[in-house]
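Have a look at the structure below before the remarks.
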Amino acid sequence: MDTGLEVDRYRIDKRGPDRSPLRIPGAPVLHMRKITDQAFVVLCWFAGQPDDTVATARAVAEATGIPQPTVAKLLKKLARGDVLVSTRGLCGGYSLARAPERIPLTHVIAACEGPLGLTDCTIPGTPACDDHGTCAVAPHWQVISRAIVSTLEGITLAELTGSPTRLAAAL
């Protein structure tokens, strides 16, 4: 029986934009989708290239081992999120919008996943839930969510391409 649901390693998602995921018990709560992880692989590749590198989806796919249709989708998404710049024409392709030291992880995550927040009530512009007026933990989630987002905001693409030990020491 086809339920219209697709299962991945961590969750079941309803198909379509802005649909809430159905959770699998025991699955991680803080979770980036595979496409976001692949975006970081692509961006780390760009960060390792000379500053003036302009690359096509095909070249990036060959260099990273990520399928070309996925890379093409990622490049468009990252360009819409102002993480990459698109250049048209014979020598066209994509390049980093700014130096890796000036691209915080939050910009990449937001470009791929949407607004960042631990709970719905911590995402600016999201309508309040039914329990908003009586929820005793909402103010705490706000503080915790800001701490997580602030930590991610403080880590750049350049740091992601460096030593994990150095990154851990910086945190």
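The values are calculated or read from the model by the stated rules, or taken from the named source; none is laboratory data. Just so it is clear, the model here is predicted, and its values are computed rather than measured. Positions of Cβ are backbone-derived with ideal geometry, glycine not excepted, and every protein chain shown enters the neighbour counts. Please note that ligands, DNA and RNA were not included when accessible areas were found on the heavy atoms of the full protein model with its side chains. Shrake-Rupley method; radii C 1.70, N 1.55, O 1.52, S 1.80 Å.
Collect the residues in the range 44-76 that are farther than 24 Å from residue 114 by Cβ, at pLDDT 95 or above and of a type in the set (D, E, K, R), keeping them in residue-number order.
58, 62
How about the range 66-113: which of its residues are outside any helix (DSSP H, G or I), surrounded by fewer than 16 Cβ atoms within 10 Å (Cβ to Cβ) and touching a helix residue (DSSP H, G or I) at 6+ places or on another chain (Cβ under 7 Å)? Walk me through how you get there before you give the answer.
Initially, the range 66-113 is screened for residues outside any helix (DSSP H, G or I), giving 66-67, 81-99, 103-104.
When the remaining residues are screened for being surrounded by fewer than 16 Cβ atoms within 10 Å (Cβ to Cβ), the result is 67, 82, 85-92, 98-99.
Correct list: 67, 85, 86.
Six or more apart or on different chains, Cβ under 8 Å: which pairs go from a residue in the range 160-171 that's within 17 Å of residue 106 (Cα to Cα) to one that's of a type in the set (Ser, Thr, Tyr)? Could you list them?
171/151
Considering only residues that are part of a helix (DSSP H, G or I) and either among the small types (Gly, Ala, Ser) or closer than 15 Å to residue 108 by Cβ (or both), which ones fall in the range 49-59? I'd like the intermediate steps shown before the answer.
Going through the range 49-59, the residues part of a helix (DSSP H, G or I) turn out to be 57-59.
Those that are part of a helix (DSSP H, G or I) and either among the small types (Gly, Ala, Ser) or closer than 15 Å to residue 108 by Cβ (or both): 57, 59.
Residue by residue through the range 119-145, note down the ones that are among the polar types (S, T, N, Q) and either at pLDDT below 85 or exposed (fewer than 14 other Cβ atoms within 10 Å of the Cβ) (or both). Steps first, please.
Step one: filter the range 119-145 for residues among the polar types (S, T, N, Q), giving 119, 122, 126, 134, 142, 145.
Within the range 119-145, 119, 122, 126, 134 qualify.
At pLDDT 80 or above, of a type in the set (A, V, I, L, M, F, W, C) and surrounded by 14 or more Cβ atoms within 10 Å (Cβ to Cβ) - does that describe any residue in the range 162-170?
no
Of the conditions (1) at pLDDT 95 or above; (2) open to solvent by 60 Å² or more (accessible area, probe 1.4 Å); (3) not in a loop (DSSP other than H, G, I, E, B), residue 148 clears all except one; give me its number.
Exception for residue 148: condition (1).
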